[in-house]
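One structure below.
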Amino acid sequence: FALLKEGSVLYIVGKGGYEPQLKMLVEDLGLEGRIIFTGFMEKEEIGRYYDMADVFVHPALWPEPFPRTILEALSHRLPMLVSDSGSSAAILGRAALSFTNGDELDLAKRLQLLLDDEKLRRATAQAGEEVLRRYHPDAVMSQIMDFYGSLFS
């Protein structure tokens, strides 16, 4: 985030084990006021942060199989930037840009690209509509029922 043009604000929503180190890093880099830690939030509160965001970044450090937050962000029509670690990039396809896990220069470059290019943000958000349909509870439940039906036929 320190590598981005001035003017952006980063909200780190939630609480985790890295928070103390991240807060020290924010101070060391002089980014106070540009990076805001919300702390733990109830599920009902999180939506307002999705609604005010321009881009959602999912910087997974380990290979998460299916992070719920990507579907939450899609439901708020957000363009996304995700780590190439885990399944997020494969699940999202054209609905996100991905960056190389652990490469802060790649992350910064791709995030700045998304922030600067409104057409790209719109295109990734639109592609998210298809992903949302694919993972809609009705579609998923239908697949589960078909699978279990095939076991008993």
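The values are calculated or read from the model by the stated rules, or taken from the named source; none is laboratory data. Here the structure is a predicted model, which means the values were calculated and not measured. All Cβ positions, even for glycine, are placed from backbone atoms using ideal geometry, and neighbour counts span all protein chains on display. With ligands, DNA and RNA removed, areas are computed over all heavy atoms of the protein, side chains included. Shrake-Rupley method; radii C 1.70, N 1.55, O 1.52, S 1.80 Å.
Quick notes
- Of the residues making up the stretch 49-63, at least one is of a type in the set (Ser, Thr, Tyr) and open to solvent by less than 90 Å² (accessible area, probe 1.4 Å).
- Checked against (1) in contact with a strand residue (DSSP E or B) (Cβ under 9 Å, 6 or more places away or on another chain); (2) of a type outside the set (Lys, Arg); (3) within 28 Å of Glu6 (Cβ to Cβ); (4) surrounded by 15 or more Cβ atoms within 10 Å (Cβ to Cβ), Leu115 meets all criteria but (1).
- Filtering the stretch 11-23 to residues that are without any contact (Cβ under 8 Å) to a residue 12 or more places away in the chain and either part of a helix (DSSP H, G or I) or surrounded by 10 or more Cβ atoms within 10 Å (Cβ to Cβ) (or both) leaves Tyr18, Pro20, Gln21.
- Note on the stretch 24-58: residues that are more than 15 Å from the chain's Cα centre (by Cα) and part of a loop (DSSP other than H, G, I, E, B) amount to 7.
- Residue ID - farthest from Gly128 (Cα to Cα), chosen from residues in the stretch 59-109 that are of a type in the set (D, E, K, R) and part of a helix (DSSP H, G or I): Glu104
- Which numbered condition Arg94 fails, given (1) without any contact (Cβ under 8 Å) to a residue 24 or more places away in the chain; (2) open to solvent by 90 Å² or more (accessible area, probe 1.4 Å): (1)
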